[in-house]
Amino acid sequence: MKAVNTITPSVDGKGLMMGRKGYTDDYAEKNSLIIKIMRSPHPFARIKLIDTKRARQLAGVELVLTYRDFPRVPFTRAGQGYPEPSPHDKFVLDEYVRYVGDEVCAVAAISEEICEEALRLVEVEYEVLEPLLDFETALDNSQIIHPEPEIHEMFPTGFAPKRNQAAAYRMEVGDVETALKGCDVAIKETFYTQAQAHMMLEPHTANARIDYQNRLVIYSSTQTPFHIRRIISQALGIPLAKIRVIKPRVGGGFGGKQALHGEMFVSYVTYKTGKPSKIVFSRKEVFESTYSRHPMRITMRMGATKTGMIKAIDCHILSDTGAYGEHALTVFMVAGSKVLPLYNKVAAVRFGGEVVYTNHTPAGAFRGYGAIQGNFALESAIDILAEKLGMDPILLREMNMMREGETSPIFAIMGEGTEGTAMIMDTCKLDYCLKRGKELIGWERKYPRYDETREKVKAVGMAIAMQGSGIPYIDMGAATIKLNDDGCYNLMVGATEIGQGSDTILTQIAAEELQTTVAKVIVYSSDTDLTPFDTGAYASSTTFVSGNAVLNTARKLKQAMIVEAARILGTEETKIGFDGDMFRDSLSHKEISLKDLSNQITYSHEQKQLSVTASYVGHKSPPPFMAGFVDLEIDKETFEIKILDYVSVVDCGTTINPKLAQGQVEGAIVQGLGMTLFEEVKYTAKGKLVSSDMLNYMVPTRVDINNLTTEFANSYEESGPFGAKSVGEIGIDTPPAAVGNAIHNALGIRMTALPFTPERIYRQMLIKERVEK
Amino acid sequence: MKVNLLINNEWRAFHVEAGEYLADTLRRNDFLSVRRGCDTTSCGVCTVLLDGKPVPSCSILTVAVDNHEVTTIEGIQKEADKLSDHFGREGADQCGFCNPALALTVYAMKKELKNPSDQEIREYLVGNLCRCTGYIGQEKAIRSYLEDLS
Amino acid sequence: MKVLDYYRPTSLADAYETLMRNPQNQIMGGGAWLKLSPGEITTLITLDGLGLEAIAEQPEAVLIGAKATLRAIETSPLIAQLQGGLLRDAARHVMGVSLRNIATIGGSIVGRFSFSDILTALLAMNAQLVFHARGEIALADYLLLHRPEKDILLWIKIEKDNAHSAFRKVARTRLDFAILNLAIVKTRATTTIALGSRPQGPVLAKRAMAYLNESANLTEKVFEQAARLVTEELAFGDNLKAGKEYRRHLAYVLSKRLLKAVNSDES
Ligand SMILES: Cc1cc2nc3c(=O)[nH]c(=O)nc-3n(C[C@H](O)[C@H](O)[C@H](O)COP(=O)(O)OP(=O)(O)OC[C@H]3O[C@@H](n4cnc5c(N)ncnc54)[C@H](O)[C@@H]3O)c2cc1C
């Protein structure tokens, strides 16, 4: 291998650092109408009256839109494949507003100032309704958040809006109650996770214009350009053929740009007025009015024999989807399906729960996608069990965890909203990851705690995790490669580069198969007119699904080139060897260079364009695995935590680009550490999000992260492109449990609610002291 | 109001309202590498150099810097080119949205601090948030850039 | 913040006159906080070109111009020497270098931010303020004024006591506001303790100070008692960053630790 699994700078990093134009707003027309949205000050209300007359009369105002301007077509903004597992429970604008920050009306005007002035002139009278803010009391509450008759699910997902239930699911393998009864040791604990914000640095933005063919052209900072095209067409009744969506460079996504946010408004305004328009979300809107991670309450029960064989796991989840049900079912299911198979030797396992509506900012896709929540509960529970058994927590894991060549019945039962896909773990180097992580962190020396002084103590903790690689039979990626004169190639992919490096690794995959260099493959991605389809950048699908599509395409193009070479050299295809530069007839030793061949078929003889499109849809979703170890120091009086090191040993198959893979893991670790330690989400008693700016929502800074140690296991997944599995999400899963376990090892307390702020640890310590007295 | 700025070694005159911020003046005049990320002076994305020092252009009124020198990434292309080689080797680019701002701050740091320790580097750059990389890759790249005398 | 007009006065008198002409007129320091404030300013008055950026040494004191940026303060050798470098230590904890390149000490004082790290340090250092109209006033007294009249802060005067000092800020991340900040200055004769971001603004812990200044031997027991007094005499409250109980606990722990620190490096 020379193009993959070698250190290759990203294809775009230099240009972006040098400041070249590239992001969505850089492409907005200078004379764009500016769109601003009036947002609800109430968590739940009906718009009794909305008078836009004065606003419409203001000079410079082009349009003032209310729910009356839109056809009553419910849809979901989730940005998933079709039919979506998310309920169609949202209207572009509605008579009801369901959270503080929900859309009331939209203004398009020639400047931001005029927009703001116009919004001040819109008179709204609300019938304020009693909000439902506690997700633990939402189910079957007398207050119903979605009473409207038009909303529906696309297939059975447990959607029961009259119960405030956006989705529900349960499954059981074996008989959990009986298995638990037969256990020597059993534990039960309830965990809470918070609504983490993605906080990508580029706020959501989109802009639109009508081109000279009278088509709507949208630039959007999105992870799902093809879904956007479909959803806009369906919700606004614009023919799909009239819409082009271009995703230029995206300044971070993490799942936060899988859904549609401003796209509906720019599309409507531009389509209606014929004038270009744009919307740029303020940071407050990003926090308050896009979406965040699903908060969950997870109850774990687990039982084992005296010798430490885990016999039963029972997991019940209550998930808060907020005002709308985007990703409600699937995030919640992943909290089981990409977590529970880790311990596959159980006699019985049960998973179930409900996803409820509340009057909070909606939840949606976010890196980890349920797995981080489930992992926190499961991997904390394992340590609790180990303590009760008096066993080393790593040994307990080694005895019970998934091994290569094994499977779990859960794979076949649970998919994302549907049935799953049975699969054997052809690659699973968890055992290596554990062993190596233990060495790197110095576990033998440091576990459970070390270097204790009067004021401080250091400790280690760990957790293991798995994720997936795309959604089998659902996620599809496609690529086109065409051969240019002079022997270079264009690679067109639907896959969505959002900063994770997909353009680079897909280029590497193409270059590897075509035996050329990255410099000779020109990549262009995510333009619904020019590139083939791809479901988008989510579900850890790009390397595996889109990567396989690129590999298939490159293989086919190579074959097509060989056909041409055989014709030119007057021999049979099977006799032709190709080394990336030269085609050689193994019998006659006649040869022609790729350069000459491409020039000949372009300009001089039997001219033709060689271009191949191929696609890939997964039949399995080989999980990446990892072990995460944290080494931390706690101040025993202030309870401030300093992360000394975080060791990750990851099995993601071949790393197509080792440094970019490391960047994925480390970025995810730090985002996970943010959720674990700092990222507090606070609402007022009246349901207003107050951690809605960067002065109050704190993410890790570079001073808060001292060191990260990241290694990869030697692993080759046959079904992946050049042996690769996914690596985008796996890194985020372990920090909550690993840090929680380390805090326990340091102080003897068990943190069950995220984030673990010093203040919360302090309170927990007070409780402990009281109990000990 | 009329304002003269020496931007990237070229005097430019702009007509601005008294209340306009430098980030907006620059963006409006096609310095698209200057971006906004937060609205609360918290993220570092809008950093430019004012008389050689890193400042948040989102919080500086354009009229207040009349007759001063402003440097955007376009003004230090050679250094950005070099720094990006180190970022490339460490795979530390990721989404790139904040990289011009980070590069400007790194450049200013290089001029201001002699042989900074790891801790000093972190402190100097702490105002440049990154949600993608986890920072460590960036730091390795920056360290090797500082040590690169080529 | 909406700014309608911007004015560069030719003299302090001109600046003051412009300031007083309209209640909506305001002085600009670095403008960083003004940007985040709501409302409208008719004329924003800059103090550029009036020599107020200076940090100057006098025989008994250091004079800091109101326009000196936090970064200038942090990197000034004079400030590094001043009362054990306390003001430098406090300035370093404010955001990143780019914000400190614009935020001024004048804005930090007149803004009277309850979370301010700068004010807590200045209070412990017994800083004196020199205003254009009001003349000289101790920072401690200035902070007690309910709504000080509009004026222009010119200089901050800090005595060159031969002191030991310690500063501590507790915050969720390096870029956050303080959950609590604490500054202690110890001269041969007296100990001064200031706490801020309780979340109320900085105050002196006078009872604890009196107790320490009367104690003959400064033992660990005495520090503990002083720390207890700090938590008893001062009010603590809740905000988004943390609750009252935890703040009170921090006040105890940090008072104890900082007292130990300023007394141990005296030897
Ligand atoms: C995002 C952010 C985070 C911050 N975090 C911290 C922190 O953690 N710790 C901390 O201590 N501080 C913090 N600060 C505050 C910062 O240190 C400054 O105190 C603040 O920015 C005010 O300084 P300025 O020069 O920007 O003042 P300006 O915004 O210009 O002015 C503030 C006020 O002071 C008045 N004023 C300014 N100068 C004078 C003068 N000479 N005479 C009379 N009136 C005057 C103005 O009219 C205005 O009312 C933060 C500020 C920001 C923006």
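For segment A:670-687, check the following and say yes or no: at least one residue is open to solvent by 10 Å² or more (accessible area, probe 1.4 Å), within 25 Å of A:Ser40 (Cα to Cα) and within 7 Å of another protein chain (Cβ to nearest Cβ). Yes: one or more hits.
Looking at segment C:13-29, is at least one residue at the interface with chain B (Cβ under 9 Å from one of its Cβ atoms), near the ligand (Cβ under 10 Å from one of its atoms), modelled with pLDDT of 95 or more and within 12 Å of C:Gly106 (Cα to Cα)? Looking for residues that are at the interface with chain B (Cβ under 9 Å from one of its Cβ atoms), near the ligand (Cβ under 10 Å from one of its atoms), modelled with pLDDT of 95 or more and within 12 Å of C:Gly106 (Cα to Cα), one finds at least one in segment C:13-29, hence yes. Tell me, please, whether a residue that is of a type outside the set (Val, Ile, Thr) and in contact with a Gly (Cβ under 9 Å, 6 or more places away or on another chain) can be found in segment A:61-72. Yes, some residue in segment A:61-72 is of a type outside the set (Val, Ile, Thr) and in contact with a Gly (Cβ under 9 Å, 6 or more places away or on another chain).
Among the conditions (1) at negative phi; (2) in a loop (DSSP other than H, G, I, E, B), the only one that A:Glu606 does not satisfy is (1). Here C:Val110 passes the criteria (1) over 28 Å from C:Asp5 (Cα atoms); (2) within 11 Å of the ligand (Cβ to nearest atom); (3) open to solvent by 30 Å² or more (accessible area, probe 1.4 Å) except the one numbered (1). If I filter segment B:112-142 down to residues being within 26 Å of C:Thr75 (Cα to Cα) and of a type in the set (Ser, Thr, Tyr), which single residue comes out as most open to solvent (accessible area, probe 1.4 Å)? Checked segment B:112-142; the qualifying residue most open to solvent (accessible area, probe 1.4 Å) is B:Ser117. Scanning segment C:204-221 for residues being touching a helix residue (DSSP H, G or I) at 6+ places or on another chain (Cβ under 7 Å) and either among the hydrophobic types (A, V, I, L, M, F, W, C) or not assigned by TED's automatic domain parsing to the domain that holds C:Lys256 (or both) gives a total of 5. For segment C:8-34, a residue qualifies if it is farther than 21 Å from C:Ala103 by Cβ and open to solvent by 20 Å² or more (accessible area, probe 1.4 Å), and the qualifying residues are C:Thr10, C:Ser11, C:Leu12, C:Ala13, C:Asp14, C:Tyr16, C:Glu17, C:Met20, C:Arg21, C:Asn22, C:Pro23, C:Gln24.
None of C:Leu180, C:Leu195 is surrounded by 16 or more Cβ atoms within 10 Å (Cβ to Cβ), closer than 30 Å to A:Gly674 by Cα, within 13 Å of the ligand (Cβ to nearest atom) and not assigned by TED's automatic domain parsing to the domain that holds C:Leu19 except C:Leu180.
Yes/no per residue for (1) of a type outside the set (Asp, Glu); (2) open to solvent by 10 Å² or more (accessible area, probe 1.4 Å):
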site: A:Arg445; (1), (2): yes, yes
site: A:Ala463; (1), (2): yes, no
site: A:Met466; (1), (2): yes, no
site: A:Gly477; (1), (2): yes, no
site: A:Thr480; (1), (2): yes, yes
site: A:Asp486; (1), (2): no, yes
site: A:Ile505; (1), (2): yes, yes
site: A:Ala510; (1), (2): yes, no
site: A:Gln515; (1), (2): yes, yes
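Just to be sure I understand, how many residues within segment A:160-171 are open to solvent by less than 30 Å² (accessible area, probe 1.4 Å) and either among the small types (Gly, Ala, Ser) or closer than 14 Å to A:Val355 by Cβ (or both)? Qualifying residue count for the region: 7.
Give the residue that is farthest from the other protein chains (Cβ to nearest Cβ), with candidates limited to residues of segment C:67-81 that are among the hydroxyl-bearing types (Ser, Thr, Tyr) and more than 8 Å from the ligand (Cβ to nearest atom). Checked segment C:67-81; the qualifying residue farthest from the other protein chains (Cβ to nearest Cβ) is C:Ser76.
Scan segment B:25-46 for residues that are surrounded by fewer than 22 Cβ atoms within 10 Å (Cβ to Cβ) and more than 10 Å from chain A (Cβ to nearest Cβ) and the total you get is 1. One residue stands out among those in segment A:688-706 that are more than 7 Å from every other protein chain (Cβ to nearest Cβ) and over 24 Å from the mean Cα position of the chain (by Cα): the one that is least open to solvent (accessible area, probe 1.4 Å), which is A:Asn706. The condition (being within 13 Å of the ligand (Cβ to nearest atom), in contact (Cβ under 8 Å) with a residue 12 or more places away in the chain, away from chain B (no Cβ under 14 Å) and under 30 Å from C:Asp14 (Cβ atoms)) is satisfied by just one residue among C:Ile55, C:Ile64, C:Ile45: C:Ile64. Of the helices (runs of 4 or more DSSP H) entirely within segment B:56-150, those holding at least 3 residues that are within 14 Å of chain C (Cβ to nearest Cβ) occupy B:99-112, B:118-125. Give segment C:82-102 a look and list any residue that's open to solvent by 10 Å² or more (accessible area, probe 1.4 Å), in contact (Cβ under 8 Å) with a residue 60 or more places away in the chain, under 13 Å from the mean Cα position of the chain (by Cα) and within 11 Å of the ligand (Cβ to nearest atom), or say none. C:His93 - this is the single residue of segment C:82-102 that is open to solvent by 10 Å² or more (accessible area, probe 1.4 Å), in contact (Cβ under 8 Å) with a residue 60 or more places away in the chain, under 13 Å from the mean Cα position of the chain (by Cα) and within 11 Å of the ligand (Cβ to nearest atom). Go through segment C:229-267 and report how many residues are touching a strand residue (DSSP E or B) at 6+ places or on another chain (Cβ under 7 Å), closer than 13 Å to C:Ser197 by Cβ and not in a helix (DSSP H, G or I). Residues in segment C:229-267 being touching a strand residue (DSSP E or B) at 6+ places or on another chain (Cβ under 7 Å), closer than 13 Å to C:Ser197 by Cβ and not in a helix (DSSP H, G or I): 1 in total.
In segment C:42-55 there is no residue that is assigned to a helix (DSSP H, G or I) and out of contact with any strand residue (DSSP E or B) (no Cβ under 7 Å at 6 or more places or on another chain). Looking at A:Ala377, is it among the hydrophobic types (A, V, I, L, M, F, W, C) and either closer than 21 Å to A:Gln467 by Cβ or in a helix (DSSP H, G or I) (or both)? Yes, satisfied.
Among the residues of segment C:115-142, the ones that are within 9 Å of the ligand (Cβ to nearest atom) and in a loop (DSSP other than H, G, I, E, B) come to 3 in all. Checking each residue in segment A:447-459 for being among the aromatic types (Phe, Trp, Tyr) and either open to solvent by less than 50 Å² (accessible area, probe 1.4 Å) or part of a strand (DSSP E or B) (or both) picks out only A:Tyr450. Scanning segment C:35-46 for residues that are open to solvent by less than 30 Å² (accessible area, probe 1.4 Å) and either in contact with a Ser or Thr (Cβ under 9 Å, 6 or more places away or on another chain) or β-branched (Val, Ile, Thr) (or both) returns C:Lys35, C:Ile41, C:Thr43, C:Ile45, C:Thr46.
Just a yes or no: is a residue in segment C:143-164 assigned to a loop (DSSP other than H, G, I, E, B), within 14 Å of chain A (Cβ to nearest Cβ) and either more than 14 Å from the ligand (Cβ to nearest atom) or among the aromatic types (Phe, Trp, Tyr) (or both)? Within segment C:143-164 (the criterion being assigned to a loop (DSSP other than H, G, I, E, B), within 14 Å of chain A (Cβ to nearest Cβ) and either more than 14 Å from the ligand (Cβ to nearest atom) or among the aromatic types (Phe, Trp, Tyr) (or both)), the answer is no, since none of the residues qualifies.
Scanning segment C:137-149 for residues that are farther than 16 Å from C:Thr120 by Cα and surrounded by 11 or more Cβ atoms within 10 Å (Cβ to Cβ) returns C:Ile137, C:Leu145, C:Pro148. Remark: pairs (first residue in segment C:19-35, closer than 15 Å to C:His132 by Cα and in the same structural domain as C:Val110 (by TED's automatic domain parsing); second residue assigned to a loop (DSSP other than H, G, I, E, B) and more than 7 Å from the ligand (Cβ to nearest atom); Cβ separation under 6 Å; 6+ apart in sequence or on different chains) are absent.
The values are calculated or read from the model by the stated rules, or taken from the named source; none is laboratory data. Bear in mind the structure is a predicted one, so any value in this text is a computation, not a measurement. Note that each Cβ is placed from the backbone with ideal geometry, even for glycine, and that neighbours are counted across all protein chains shown. Remember, those area values only see protein heavy atoms, side chains included, never the ligands or the DNA or RNA. Shrake-Rupley method; radii C 1.70, N 1.55, O 1.52, S 1.80 Å.
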